[in-house]
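First comes the structure, then the notes that go with it.
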Amino acid sequence: TADETEPKDGLRGILRHPVSYIRFLSYLNRSAKSLLTQYFTDPSIYNFFDKLTSTYCYATVEEAPAVLAAVMFVDNHVGGSWYPAGSTLFLPGKLEKVIEEHGGDMYLGHEVISILFDGNKPCGVLLDDGARLAASDIVYSGTVWNLYGKLLDEVHTSAEQRKWASSLVPTYPSVVLYAEVDRAVIPEDTAPVEMLVGNPEHIDESEVTVYLFSIDDRSLCAEDAHAIMAIGPTFQNWAGVDETEYQNLKEAECARLIGVLEQRFPGLSGAIRHAEVSTPYTIERYTMKNGGAFAGPKQMLGQHMFKRLHTRTKWDNLFCCGESTVMGTGTPTVTTSGLSAANAILKKYGLDQFVYQKNQKNHIRQLPVPFTAGQLYADEPEPRRSIMRAAMRCRFCEHPSCCGQSGVDIPGILRRVAVGNFAGAIKRLNECPVEIKQLTDYETRCICARDVGGEAVDISRVICALLEGNV
């Protein structure tokens, strides 16, 4: 990231391309529109780029810094979008796998409510169940508002810092529609990602980005169906509503988003098999994004780049990464911020930092599309392959009916098996052992068995395979 670039590397870049470097730096405090006016006069061109910037960095061309917009425009058309085959479960699942295989612990379903201090130095975190986790170094990846408004006691921050954090303008709150629809209603020439623009002149609720994952990944749903996710802004007043009002608003937003999609895909409203909506409250609950602001602080002039959280804080053992930091929102930028935080710690201890090496091993394979259910786990030997397939049938319920309040984390164990994290699955199982005879009872309560003609997840087979070491 810009705040962690070694001075010698920056100097090397300037000496190699002095004119280009200086011109690029001049874009730092200019708007994207000021850059576009050098080349275009047609207002419709500005509207077009407005939609690109508002979709990818949640700011208009007048708000977005030219330095960020220029990189974004190039990345959209040269880099493109890439997704993990088999569903988005596999990306965090593989990260969790590598952490647990190397002795790390994952505390899921818990919230950090404060950063603990020993004197004037961070020394750990306090969880919502009262547990205290000690740490020599801490990496924070949440929002700037939660950091200064909740996690850091006021005794450790200044009024000026808290005022700065609270003054940052958030991106607009979002709603997300998840749906399964009849395959026939989506034309064959539909792109996997489409931006739907209702009003070319302004950003409003008709501006929706649609992700049709199943066009490229047929393992996600039935052969005669498509899996859809649609995300867009909501300008409803969600604050202070009671349960009845909330449910009414939620149903209204679901209907509104379906209506937007109906204009692009006629007949879709009558072809829906299942649909549900994540509201700003849902987003905040599961991601800690304040007010459902999906992308944290808006990347606009005045609160961009070095005017955001830096990788390093005033404490030498508290580091930051994520959307509130220098690079801002987006998977490539947030990933870069995470690497910078890791490198800052490695540098602190005099260890080799992670830097690009020309001949380094590539662990990612690009698969031909469409990816099919038959290809999932095709590289795994038996019986591991069939065990992973059995685990993948689990719906990973938040409140599982199978194991209930027994303490056995069946969804967590099966979720790990589904992505090949056997070390983590066994560790989770050992934390709360289960008797074999209980597994049959769990299967009778599996929600998959409640579907018409449904069949329970084969929990017994997966758990026994773990216990017997047959994975």
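Structural remarks
- Single residue of segment 292-314 satisfying the filter (open to solvent by less than 10 Å² (accessible area, probe 1.4 Å) and within 17 Å of the chain's Cα centre (by Cα)) that is farthest from W164 (Cα to Cα): G292
- Residues (closer than 24 Å to L127 by Cα, surrounded by 13 or more Cβ atoms within 10 Å (Cβ to Cβ) and either of a type in the set (D, E) or out of contact with any strand residue (DSSP E or B) (no Cβ under 8 Å at 6 or more places or on another chain) (or both)) located in segment 146-164: N146, Y148, G149, T157, R162
- Subset of segment 367-396 that is among the β-branched types (V, I, T) and at pLDDT 95 or above - its residue that is least open to solvent (accessible area, probe 1.4 Å): I387
- Total residues in segment 165-181, condition surrounded by fewer than 16 Cβ atoms within 10 Å (Cβ to Cβ) and in contact with a helix residue (DSSP H, G or I) (Cβ under 8 Å, 6 or more places away or on another chain): 1
- R264 fulfils the conditions (1) open to solvent by 70 Å² or more (accessible area, probe 1.4 Å); (2) under 29 Å from D118 (Cβ atoms); (3) charged (D, E, K, R) except for a single criterion, (2).
- Of the criteria (1) in contact with a helix residue (DSSP H, G or I) (Cβ under 8 Å, 6 or more places away or on another chain); (2) open to solvent by less than 20 Å² (accessible area, probe 1.4 Å), which one S337 fails: (1)
- A count restricted to segment 191-230 and to residues that are touching a Ser or Thr at 6+ places or on another chain (Cβ under 7 Å), modelled with pLDDT under 95 and of a type in the set (A, V, I, L, M) stands at 3.
- Residues of segment 96-119 that turn out to be touching a residue at least 60 places away in the same chain (Cβ under 8 Å) and either in a loop (DSSP other than H, G, I, E, B) or within 25 Å of V326 (Cα to Cα) (or both), as a count: 4
- Residue in segment 182-189 that is outside any helix (DSSP H, G or I), in contact with a His (Cβ under 8 Å, 6 or more places away or on another chain) and either crowded, with 18+ Cβ neighbours inside 10 Å or free of Cβ contacts under 8 Å to residues at least 24 places away in the same chain (or both) present: yes
The values are calculated or read from the model by the stated rules, or taken from the named source; none is laboratory data. Because the structure is predicted, anything quoted here is derived from the model rather than measured. With ideal geometry, Cβ positions are generated from the backbone for all residues, glycine too; neighbour counts draw on all protein chains shown. Note: areas computed on protein heavy atoms with side chains; ligands, DNA, RNA excluded. Shrake-Rupley method; radii C 1.70, N 1.55, O 1.52, S 1.80 Å.
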